[in-house]
6 protein chains.
Amino acid sequence: MADDRSTRGAEILRQIHSDWGTPNVLGPLEELVPDLKVIVRDFAFGEIYARPALDLKSRQLATVAALAAMHNAPLELKAHLFGALKLGWKKEELIEVLLQIALYAGFPATISALTIAKEVFAEYDARNTAAKQVP
Amino acid sequence: MADDRSTRGAEILRQIHSDWGTPNVLGPLEELVPDLKVIVRDFAFGEIYARPALDLKSRQLATVAALAAMHNAPLELKAHLFGALKLGWKKEELIEVLLQIALYAGFPATISALTIAKEVFAEYDARNTAAKQVP
Amino acid sequence: MADDRSTRGAEILRQIHSDWGTPNVLGPLEELVPDLKVIVRDFAFGEIYARPALDLKSRQLATVAALAAMHNAPLELKAHLFGALKLGWKKEELIEVLLQIALYAGFPATISALTIAKEVFAEYDARNTAAKQVP
Amino acid sequence: MADDRSTRGAEILRQIHSDWGTPNVLGPLEELVPDLKVIVRDFAFGEIYARPALDLKSRQLATVAALAAMHNAPLELKAHLFGALKLGWKKEELIEVLLQIALYAGFPATISALTIAKEVFAEYDARNTAAKQVP
Amino acid sequence: MADDRSTRGAEILRQIHSDWGTPNVLGPLEELVPDLKVIVRDFAFGEIYARPALDLKSRQLATVAALAAMHNAPLELKAHLFGALKLGWKKEELIEVLLQIALYAGFPATISALTIAKEVFAEYDARNTAAKQVP
Amino acid sequence: MADDRSTRGAEILRQIHSDWGTPNVLGPLEELVPDLKVIVRDFAFGEIYARPALDLKSRQLATVAALAAMHNAPLELKAHLFGALKLGWKKEELIEVLLQIALYAGFPATISALTIAKEVFAEYDARNTAAKQVP
């Protein structure tokens, strides 16, 4: 019988991460620490993100703000900016969140985060353009 | 003629900060650095929060997440948790945001933030109860 | 049937935390966020600390070093310094770990951590002296 | 024969710390870790601050800026703000340094630092007033 | 009529940033967030750096110390080390500031900052040599 | 007469750093700041690591945990993971320490540290394999 946490976690990961674009943060560690992927899926997404009292779109905004303010996790910020777009946040809205971070964590945190956002938005637009051209 | 930034900043501060509860973070510094209150009102609220591309309720969630993750600004977190309640976030939703921070900034950040939230919620409930009892 | 994680987590908590001394970090949050205690017991202690590849005494040293270096979690550092003594680290050894942190996180981190250690050691000695006087 | 580092360190400490006001950061740790005071005097002040290529007044400004930006060492910041006044920085100049920190570390860092500065300046003025009244 | 903040900010930027060398930190973000350059010029330089109570050379030392201690903004540290040289700080003095940071933020912060300073100094010397060879 | 600190520091460095593998963190700074290497050897290793009350293997675990939790010193973490292997910590044990860091500093800190550990382990295995093939 499947663990409920695992099922829920996998489902939430599907909702957050696009099937393209999102960097595979844990992929390179799969052989060295096979349990890590399971822990992140089951605990982070299956136990925490899965809690019903807050919707996933709001959770994603909180994660983007937290990672931008911490200013030391570029890969995770990139992955969650993709997730934020996928869950319906607009590019203009995400830019505002990252600008606002300057007030609490300083301008260098904002500048780093916006530089990552620029990459994410460019990849996102390129994919969308490509997707629309498929006949 | 009043500076537009000042007017907008003051208006946003009114929307975020309840007239009770919110700690007056800048009050004690008013005599030493009179410009600080002006800078925060005009720049932080009049120039950044006032930008139209993101609604104030979402901005407040981002601020709460950022301050909880940074884990070194208890006074500001307290003030913005009051603001988050005032702008319509439910207590249960804010608890979720703070729990989620554990994934990115560790459990001590979450525990500190929830301890502050507990104080804020208690003061908020006490005031609301008192307000309802006024005939 | 009891969840294995919960049983293991509770057992490890018993090994780390003395029945006196250790501050009850999560106690004040029990009413507001009842799940937090469960999450910490089941995930932090039942899933992570319980992994067999590293002994508990070494894990405790790593936690003390991490918390001292992060320099923003005095309550958790206090609790884990108690745990470190309980698991067999000597006071002199813990002092060395905290001194060494100065090289990586600066002297203020070391000074804060040693100030907390001083409190922990005093409480620990007072209890041990009291315990020995029981006829 | 006295260690040169020790002599130099003690001399620099005399120049930085006023004989009143400055909190005795290391005092409470003297019994637990007697070597700490020696290490700080000999290494921090006797080996680093004593290097001739930068004057002590500029060093003090750098320390105040670093501690304010790190935003987790209130005791050390307090001690070094006293030192900065003693070495000739004016109150208005120190306020400017702390305001500027907001750009790099966010407003909460600035607000904390200014709150500490307010205390330091008040104690400093009280002492100076008292000193002048001595006939 | 030009905004005074903008004029002052632009003038201060001219004084800090050499016309060569200084990395254009905000350049890559100009298309995505055109307002950012304006905000940084008008607020950071036109409102904060422009305040008269502290000279620009001292401000630059504070910024270098803060960024080195925060240890997460290599691009901004590089830009402000160029600025520090332009405003008259000697290479030997800047090395001292960065060494001193080890006491408060640990040796890794100092090592990162000195590695950036090495690059800055090399580029600075190369340019100066080239400039002198122009007949 | 050689300084005792220098002799002890050099001896400890020999014990921690393998003669291959360990990145030469200070090497590139040797010409710019010749004293830095001396300071690190004499103070960090000759005065702190050399203190007899804690064995070198435990010290190395504390350093790895501290650097992983701080999450901003990849080069130093790499060097000390090599040192940890050299001093007898097993790869599986180090993986556990880095996983545990997630509880205190968040998953991004753990993921960064494990990514560095993966590199270290691969280089270590390659060297050991090569060494065994020498007839």
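The values are calculated or read from the model by the stated rules, or taken from the named source; none is laboratory data. On a predicted model such as this, the values are computed, not experimentally measured, just so you know. Note that we place each Cβ from the backbone using ideal geometry, even for glycine, and neighbour counts take in every protein chain shown. For the accessible areas, the whole protein counts, side chains as well, though only heavy atoms, and no ligand, DNA or RNA atoms are used. Shrake-Rupley method; radii C 1.70, N 1.55, O 1.52, S 1.80 Å.
Points worth noting:
- Nearest-to-axis residue in chain D, judged by Cβ distance to the rotation axis that brings D onto F and given in whole Å, is D:43, 3.
- Restricting the calculation to alpha carbons of the protein assembly as shown gives Rg and Dmax of 26.5, 96 angstrom.
- Rounded to the nearest 0.05, the FRET efficiency derived from the C-beta distance between residue A:126 and residue E:133 at R0 = 60 Å is 0.85.
- For q = 0.11, 0.23 Å⁻¹, Debye-computed log10 I/I(0) when each Cα of the range C:22-135 counts as one equal scatterer: -0.41, -1.27
- Ligands, DNA and RNA are left out, and with a 1.4 angstrom probe the accessible area of chain E is 41 Å² per residue.
- The label point for residue B:24 and the one for residue C:90, both projected 7 Å from the Cα toward the Cβ, are 5.6 nm apart.
- Each part reduced to its alpha carbon centroid, the range C:29-101 and the range F:76-135 end up 21 Å apart.
- Label geometry 7 Å along the beta-carbon vector: residue B:119 inter-copy distances in nm: 1.5, 1.5, 3.9, 4.2, 4.2
- Placing a label point 7 Å from Cα along the Cα-to-Cβ direction at residue A:130 gives distances to the equivalent points in the other copies of 3.8, 3.8, 6.0, 6.8, 7.3 nm, listed shortest first.
- Spatially close lysines, pair count over chain E: Cα under 22 Å, gap of eight or more or interchain: 18
- In the range B:13-52 the Cα-Cα distances spread across 5 Å bins starting at 0 as 6, 22, 25, 26, 17, 4, 0 percent of all pairs.
- Accessible surface of residue B:91 - all protein chains present, 1.4 Å probe, nearest 10 Å²: 60 Å²
- Solvent-accessible area of residue F:17 with every protein chain in place, 1.4 Å probe, in Å² to the nearest 10: 50 Å²
- For chain B, the longest principal axis of the alpha carbon atoms and the long axis of helix B:91-105 meet at an angle near 80°.
- Helix-derived mean residue ellipticity, 222 nm - over chain D, DSSP H n ≥ 4, -39500 (n - 2.57), to 500: -21500 deg cm²/dmol
- Inter-copy label distances at residue B:23 (7 Å, Cα→Cβ; nm, one decimal): 1.6, 1.6, 3.6, 3.6, 3.9
- For chain E, the longest principal axis of the C-alpha atoms and the axis of helix E:107-133 are separated by about 70°.
- Chain E, relative contact order in percent, only Cα pairs under 8 angstrom and at least six apart counted: 27 percent
- Against chain C, whose longest principal axis comes from its Cα atoms, helix C:4-16 is set at around 30 degrees.
- For the chain pair E and D, the interface hides roughly 2800 square angstrom of accessible area in total, found with a 1.4 Å probe.
- Accessible surface of the protein assembly as shown [probe 1.4 Å, protein heavy atoms]: carbon and sulfur percent: 56 percent
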